[in-house]
Amino acid sequence: METDAYIALGSNLGDRELNLLRAVAELGKIAGCRVTALSRFYETSPVGMPSGTPAFYNGVARLATTLPPHDLLQELQRIEREVFGRTPAASPQSRRLDLDLLLYGTTQLATPDLTLPHPRMTARRFVLLPLADIAPELCEPASKRTIAELLTCLETDEQVRPLE
């Protein structure tokens, strides 16, 4: 049985748009996964990063998947590592690609390596805006509010603009 999973994509090094497009292609290659929707891409201010950090390009993809959440997370981390050369870091850093598992159906989960829904998604315009592109009426399981409602109530000074 398939479950809808929502994946945040981000890049602020190299050809950011190409990195996101390549990531979507890689998501489609995961056994047991199909990309079923993709938001517009946005240029966004680097939240929680040092001054002078390059802006990010961000988007969200919806996958229909038969993988359990932890297996899907492992695949996302494999793509970051093997395809985009990402290495784990203790503090936020610039990167060619960042993939975050935002939602996995209505699953609520808290383990040492995975929290669902993603613990910071409701505070980030660069996540909620592209998510609203593809699923505005989706109910976020923890708050029981739609993505559109969460976006309307969000107070942040993030700069987020759609790519032309």
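The values are calculated or read from the model by the stated rules, or taken from the named source; none is laboratory data. Owing to the predicted nature of the structure, the values given are computational and were not obtained by experimental measurement. Please note: Cβ atoms are built from the backbone with ideal geometry, for glycine as well, and neighbour counts cover all protein chains shown.
Before we move on, is L101 touching a residue at least 12 places away in the same chain (Cβ under 8 Å) and closer than 19 Å to D4 by Cβ? Walk me through how you get there before you give the answer.
Numbers: touching a residue at least 12 places away in the same chain (Cβ under 8 Å): yes; closer than 19 Å to D4 by Cβ: yes.
In short, yes.
Sort out which residues of segment 111-149 are more than 20 Å from P69 (Cα to Cα), more than 16 Å from the chain's Cα centre (by Cα) and of a type in the set (A, V, I, L, M, F, W, C), and write them in order of number. Of everything in segment 111-149, just one residue is more than 20 Å from P69 (Cα to Cα), more than 16 Å from the chain's Cα centre (by Cα) and of a type in the set (A, V, I, L, M, F, W, C), namely A148. The requirement of being farther than 26 Å from N19 by Cα, modelled with pLDDT of 95 or more and either of a type outside the set (A, V, I, L, M, F, W, C) or surrounded by 20 or more Cβ atoms within 10 Å (Cβ to Cβ) (or both) is not satisfied by E155.
Each row is one residue, and each column tells you yes or no for (1) part of a loop (DSSP other than H, G, I, E, B); (2) polar (S, T, N, Q); (3) touching a Lys or Arg at 6+ places or on another chain (Cβ under 8 Å).
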| site | (1), (2), (3) |
| --- | --- |
| L128 | no, no, no |
| D133 | no, no, yes |
| S143 | yes, yes, no |
| A148 | no, no, no |
| T156 | yes, yes, yes |
| R161 | no, no, no |
| E164 | yes, no, no |
